[in-house]
Amino acid sequence: MIAPWEMEPVGPLTAGIDVGGTKTALVVTDSRDRVLYEQVVATNRASLVGQIAELVDTARRQLRTESGRDVEAIGVAIPGRVDTAHGSVRMAVNLGITDLALGPLLKAESGLPSFVEHDARAAALWLSERDTPTGCPSLAYLAVGTGISAGIVIDGELLRGDNGLAGEVGHVAADPDGPVCVCGLRGCLEAVAAGPAIARQADEAIAAGRSTSMDAHPSPADVFRAGLAGDELASEITGSVADHLARAIRALALTVGVKRVVLGGGVAAAGPALLEPIRARIDHERAISPLVETAFADATLELLSPVTEAGARGAAAIARRRIGSPQREEVGER
Ligand SMILES: [Zn+2]
């Protein structure tokens, strides 16, 4: 982060907020995508709009004091079925939202134009634009955290789908005998490979008396750590998660044809402990199948650093383009 007094912000400043099941991140960026302000807090599900308005208000007061600049618009990245035209979000099951007019409510609270985008899509768009000069306008960003979803950019365009649910791979079938998912179906990818599913599998095995080096109620990060240290139960769980995610990545690459997949979200903070087993499984499939080999021969599978607030950065970028920053109009939303 560049302190405001160390540079002259360029163009309008916009706030981007990424609302996750566990944490909510806010950034304020200028039209060159430089971060002027950053804040991460635990998500307050009982008062989402109030919390976002308060975060933005705190950021605005600090920026006004330090640089005399103000935020001109707000972008919010959130899971669920997002209606970008009306700024509403529905079926954000992990946040307990059935239908929320987030954009209009936030505008009423803050007085600023407020825009809403699906979280993984905001992150994917930001990743693709950030890297466009190097020639990668197509990619899939797979977010694995409290839930699982993908943001897909093809030739610089975000894929939303006619049903508004493009990329919701967290709710494709992964294990027909798996547990019931928050969406109501049984055995969704999210129900077997997202953060809560990892913690639950460990809890259940420990409660059933499985011997393990893990303490009671381990976090997903604890499970990955124990797996790396050779704990048998933890390795079983992380191995199963890698199996499921490798299949999801294969499905993404074969369905939308991307050669670049970026893995992010809270669970991806496990780093190589998550990435390498997934790579190994994909490499195994490549060795067996010429089709998979063709799909992945010159493809990249990357891990996004958990400190990179891609969703919030993307949300700020989307707010900036929606208010028509001249610096960004060449990549205007289509
Ligand atoms: Zn589901």
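Points worth noting:
- Residue check, Glu204 within 23 Å of Val261 (Cβ to Cβ), free of Cβ contacts under 8 Å to residues at least 24 places away in the same chain and not basic (Lys, Arg): no
- Among the residues making up the stretch 140-178, a single one is surrounded by 24 or more Cβ atoms within 10 Å (Cβ to Cβ), in a loop (DSSP other than H, G, I, E, B) and out of contact with any Gly (no Cβ under 8 Å at 6 or more places or on another chain): Glu168.
- Any hit, the stretch 27-40, residues being of a type outside the set (Gly, Ala, Ser), in contact with a helix residue (DSSP H, G or I) (Cβ under 9 Å, 6 or more places away or on another chain), farther than 17 Å from Gly311 by Cα and touching a residue at least 40 places away in the same chain (Cβ under 8 Å): no
- Neighbours by Cβ (under 7 Å, 6+ apart or cross-chain): first from the stretch 172-184, free of Cβ contacts under 8 Å to residues at least 12 places away in the same chain; second within 9 Å of the ligand (Cβ to nearest atom) and of a type in the set (Ser, Thr, Tyr): none
- Positions within the stretch 179-214 being at positive phi and exposed (fewer than 14 other Cβ atoms within 10 Å of the Cβ), in sequence order: Gly184, Gly209
- Residue count, the stretch 232-247 (criterion: among the small types (Gly, Ala, Ser) and surrounded by 24 or more Cβ atoms within 10 Å (Cβ to Cβ)): 1
- Within the stretch 40-71, being buried (at least 17 other Cβ atoms within 10 Å of the Cβ) and either under 17 Å from the mean Cα position of the chain (by Cα) or of a type outside the set (Val, Ile, Thr) (or both) holds for Thr43, Leu48, Gln51, Ala53, Leu55, Ala59, Arg60, Leu63, Ser67, Arg69.
- The stretch 156-182, subset farther than 21 Å from Phe224 by Cα and in contact with a Ser or Thr (Cβ under 6 Å, 6 or more places away or on another chain), residue farthest from the ligand (Cβ to nearest atom): Gly167
- Residues that are among the hydrophobic types (A, V, I, L, M, F, W, C) and part of a loop (DSSP other than H, G, I, E, B) within the stretch 288-298 comprise just one, Ala297.
- Taken over the stretch 78-120, the criterion of being surrounded by fewer than 19 Cβ atoms within 10 Å (Cβ to Cβ), hydrophobic (A, V, I, L, M, F, W, C) and farther than 19 Å from Val56 by Cβ is satisfied by Ala85, Met91.
- Qualifying residues in the stretch 183-196 (those that are within 11 Å of the ligand (Cβ to nearest atom) and either modelled with pLDDT under 95 or of a type in the set (A, V, I, L, M) (or both)) - the one nearest to the chain's Cα centre (by Cα): Ala194
- Residues of the stretch 72-97 that are within 10 Å of Glu117 (Cβ to Cβ) and in a strand (DSSP E or B): Gly75, Val76, Ala77, Ile78, Val82, Val89.
- The one condition in (1) out of contact with any helix residue (DSSP H, G or I) (no Cβ under 8 Å at 6 or more places or on another chain); (2) free of Cβ contacts under 8 Å to residues at least 40 places away in the same chain; (3) within 16 Å of the ligand (Cβ to nearest atom) that Val93 fails to fulfil: (2)
- Candidate set from the stretch 1-32 (those that are within 18 Å of the chain's Cα centre (by Cα) and not in a strand (DSSP E or B)); member that is modelled with the highest pLDDT: Gly20
The values are calculated or read from the model by the stated rules, or taken from the named source; none is laboratory data. In this text the structure is predicted, and so the values were computed from the model without any measurement. No Cβ is skipped: glycine too gets one built from the backbone with ideal geometry, and neighbour counts run over all protein chains shown.
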